[in-house]
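The values are calculated or read from the model by the stated rules, or taken from the named source; none is laboratory data. Here the structure is a predicted model, which is why all the values come from computation and not from measurement. Don't worry about glycine lacking a Cβ; one is built from the backbone with ideal geometry, like all the others, and counts go over all protein chains shown.
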Amino acid sequence: MIEMLNVYKKYPNGITAINGLSVRIEPGEFVYVVGPSGAGKSTFIKMIYREEKATKGTIKVGGFDLMTIKEKNIPYLRRYVGVVFQDFKLLPKLTVYENIAYAMEVVEKNPKSIQKRVLEVLELVGLKHKVRMFPNELSGGEQQRIAIARAIANTPHILIADEPTGNLDPDTSWEIMKILEEISNQGTTVIMATHNSQIVNVVKHRVLAVENGRIVRDQLEGDYGYEA
Ligand code: ADP
Ligand code: ADP
């Protein structure tokens, strides 16, 4: 599903963010990515959906070879990999419905099936009743649930979440985690970068610890492993 072999990422400013990293992630796994600030977690994650291109090494995601993929094929990769961010990144001038439909219109042309799927994913995150609202009328937790609905609208095989609970209070963070668990239980591979030690230590999954651009610990049912 995801294979990285001896991957390096050097930014134009000379910083080497990823420094000889190798890892394999199998279909259906739930993986936490932990580590100190500046360790390379975001860069690692961004390389999976080709927001950043590696400088050297091999990266394969599904059937895509990310070292040779053509620009015109990146939209297909983005269907395969859904992404959720710490700051939600909803479009403020669009309603909840439009935010999700917009993400689908690139791919799915049939308006009826778009409508059906938008309501389906809203149901899954428990916010069908907010379909006509604008992002700024929603709480942070609700906005993140909408962002998750948008990320899974095109039924990706992989869902990436970069600090999805970073801006949320503990109760809301647990609600978001419950939704990610549900998505994982439906068979989607979930990769979540997080500083939330409570969640990592209670809801046990594989833990990848990144330091200095490398994986320094890879543990099934691992602990968070850093001071909270
Ligand atoms: P983390 O997500 O673990 O905090 P990052 O991947 O964001 O780590 O950053 C790893 C290193 O790469 C840091 O030294 C950071 O300053 C640097 N870095 C991240 N993004 C960029 C960028 N776009 N340009 C230059 N350097 C970057
Ligand atoms: P996060 O907290 O999610 O790891 P960061 O605060 O590290 O994110 O980075 C925020 C944005 O700034 C990212 O898009 C990252 O690529 C960029 N960035 C981070 N460090 C640098 C840097 N040293 N030079 C340029 N851009 C950077």
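Is it fair to say T58 is under 24 Å from V121 (Cβ atoms), more than 16 Å from ligand 1 (Cβ to nearest atom), surrounded by fewer than 20 Cβ atoms within 10 Å (Cβ to Cβ) and modelled with pLDDT of 95 or more? No. Considering the stretch 1-78, the qualifying strands (runs of 3 or more DSSP E), each wholly inside and each with 1 or more residues that are farther than 25 Å from G166 by Cβ and more than 11 Å from ligand 2 (Cβ to nearest atom), run over 2-10, 16-25, 56-61.
Within the stretch 128-154, no residue satisfies the criterion of being without any contact (Cβ under 8 Å) to a residue 12 or more places away in the chain and touching a Gly at 6+ places or on another chain (Cβ under 9 Å). Residues in the stretch 82-104 that are within 16 Å of ligand 1 (Cβ to nearest atom) and either crowded, with 20+ Cβ neighbours inside 10 Å or more than 17 Å from N154 (Cβ to Cβ) (or both): V83, V84, Q86, D87.
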